[in-house]
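The values are calculated or read from the model by the stated rules, or taken from the named source; none is laboratory data. Being a predicted model, the structure only gives us computed values, none of them experimental. Here the Cβ positions follow ideal geometry from the backbone for every residue, glycine too, while neighbour counts run over all protein chains shown. Each accessible area value is taken on the protein alone, full model and side chains, heavy atoms only, with ligands, DNA and RNA left out. Shrake-Rupley method; radii C 1.70, N 1.55, O 1.52, S 1.80 Å.
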Amino acid sequence: MKLILNDHIENLGERGDSVVVKAGYANNFLLPKKLAYPDTPGNRRRFEQEQTGWEEMDLERRGAAEKFAAELDGTMLAFERRAGENDVLFGSVNVADVARELTEKGFEIDRKRIRLEHAIKELGAFEVVVHVHRDIDVTIPVRVVRPGEDPNAAAPEFVAEGALEVSEEVEAAHAIEEDIETAAVHVVSEPEAVPEPEPAEPEPEPEPEPEAEPEAEAEAESMDSDERPKTDPVSE
């Protein structure tokens, strides 16, 4: 069946495009929701008359989508699943689980707007894209952990956007502190070498006194005995 699209239809076309689709798809979905008209001259004129009103409606929808995306941005989803030794899940996390978790957080989203390439079947970090508007997508980080684990203790990429942003001034200050600490460690670990004192020269040993010769000692004793006064035995 040949139709004129009255709105943007993903994977099909933009408003005003002439497309050919199966009759069942046209009669059961596109025509009842007024997303398309049969491609006839009369509907062409009708399409042109509704153009201005459609543009105003599209601006309103875009504004609402931008507001919704701003509220959704920064949301993180965490799922607890039992897993084996190789972190393979006993089960999976699929689009239905993501939609249910978003609903619990206050975000009503059609499952068809959730982009997940395949069901998650292992522990770890993943991303899910929510197609809010034809020009607006929001990427949501997903963390799959074992029961009892803290999902907030995940890798830094799971912290809400902006929480890890550090100003250039702070980064520079941290770099300076690290340089100072490194320099301090270098100074402590490598002290300046102190020159060793030169060894003192040994003092000369005193020369031994020469021993008196025996003949000289005998002469000295003889002289001493001659000089002593002789005692008269009678006078005593």
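Of the accessible area of the stretch 66-117, computed with a 1.4 Å probe over protein heavy atoms only, carbon and sulfur atoms account for 42 percent. Projected label points at Trp54 and Asn11, each 7 Å from Cα along the beta carbon direction, are separated by 2.2 nanometres. Listed values for the stretch 59-66 are Karplus-derived 3J(HN,Hα) couplings in whole Hz (6.51 cos²θ - 1.76 cosθ + 1.60, θ = phi - 60°), namely 5, 5, 5, 5, x, 5, 5, 5, and x replaces Gly and Pro. Scanning residues 5 or more positions from Gly124 or on other chains, those with amide H under 5 Å from its amide H are Val144, with H placed 1.01 Å from N in the peptide plane. For Ser18, neighbours were defined as the other residues whose beta-carbon sits under 15 Å from its Cβ, and their charges (Lys and Arg +1, Asp and Glu -1) total 0.
What is the sum of charges, Lys and Arg at +1 and Asp and Glu at -1, for the other residues whose Cβ falls under 15 Å from the Cβ of Lys105? If you can, show how the numbers build up before the last one.
Values: positive: Arg100, Arg143; negative: Glu71, Asp73, Asp97, Glu101, Glu104, Glu108.
Once positives and negatives cancel, what remains is -4.
Of all lysines in the structure, the ones whose alpha carbon falls short of 19 Å from that of Lys33, not counting any fewer than 8 places away in one chain, are Lys2, Lys22, Lys112. In order along the stretch 103-113, the Karplus-derived 3J(HN,Hα) couplings, from 6.51 cos²θ - 1.76 cosθ + 1.60 at θ = phi - 60°, round to 4, 5, 8, x, 10, 7, 9, 5, 4, 5, 8 Hz, and Gly and Pro are given as x. Counting 0.36 nm for each residue step from Ser18 to Thr40 and taking away their Cα separation leaves a gain of 6.9 nm. Label-to-label distance for Glu85 and Glu71 is 4.8 nm, based on points extended 7 Å past Cα in the beta-carbon direction.
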